[in-house]
Amino acid sequence: MITEKDIIKMKTIFATKADLEKFATKKDLESFGLKIDGRFHEIDRKFDKIDVRFDKITTMLDKVMGELEKAREDRIFAKAKDDEQDQKICIIESRVGKIEEKMSV
């Protein structure tokens, strides 16, 4: 047989009607899900806009990088040309030095 003490203990263990009314219903959860779904769609649209902007930026950066690569190649060729001219100047200076030595003798 169930005693008064058992009933009091059961009331602390089991949920009462008032306790259950505090919980979300299936309808509450569905409407919450719809709100969240709407927010996710809104966030997705914002990310799509950001993606378009980043695509434009990366395209512009690709152009800039292309120009930088061309400038680097130009500097490499100019340096090679300068080195070649430096060698020629060195040879000419050496020859002039030899001529000056012979002329002064």
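Throughout, read-outs are computed from the coordinates displayed, never taken from laboratory work. Bear in mind that the values here come from a model prediction, so they are computed numbers and not experimental data. In this analysis, Cβ positions are derived from the backbone assuming ideal geometry, glycine residues included, and neighbour counts consider all displayed protein chains.
When only alpha carbons are used to place a centre, region 35-51 and region 73-105 end up 67 Å from one another. Projecting the Cα positions of THR58, THR25, ILE43 onto the charge dipole of the chain (unit charges on Cβ atoms of Lys, Arg, Asp and Glu, taken about the Cα centre) puts THR25 furthest along the positive direction.
Once both labels are positioned 7 Å from their Cα atoms along Cα-to-Cβ, the gap between VAL52 and LYS35 label points is 3.0 nm.
For LYS88, the lysines whose Cα comes closer than 20 Å to its Cα, not counting residues fewer than 8 places off in the same chain, are LYS79, LYS98.
Charging the Cβ of each Asp and Glu at -1 and of each Lys and Arg at +1, and nothing else, the dipole of the chain about its Cα centre rounds to 580 debye. For LYS11, the lysines whose Cα comes closer than 23 Å to its Cα, not counting residues fewer than 8 places off in the same chain, are LYS22. Per the Debye calculation on the chain with a single equal scatterer at every Cα and no solvent contribution, log₁₀ I(q)/I(0) for q = 0.13, 0.15, 0.21 Å⁻¹ amounts to -0.86, -0.93, -1.10. One chain, two ends: SER94 and ASP74. Fully extended at 0.36 nm per residue, the span grows by 4.2 nm beyond their Cα-Cα distance.
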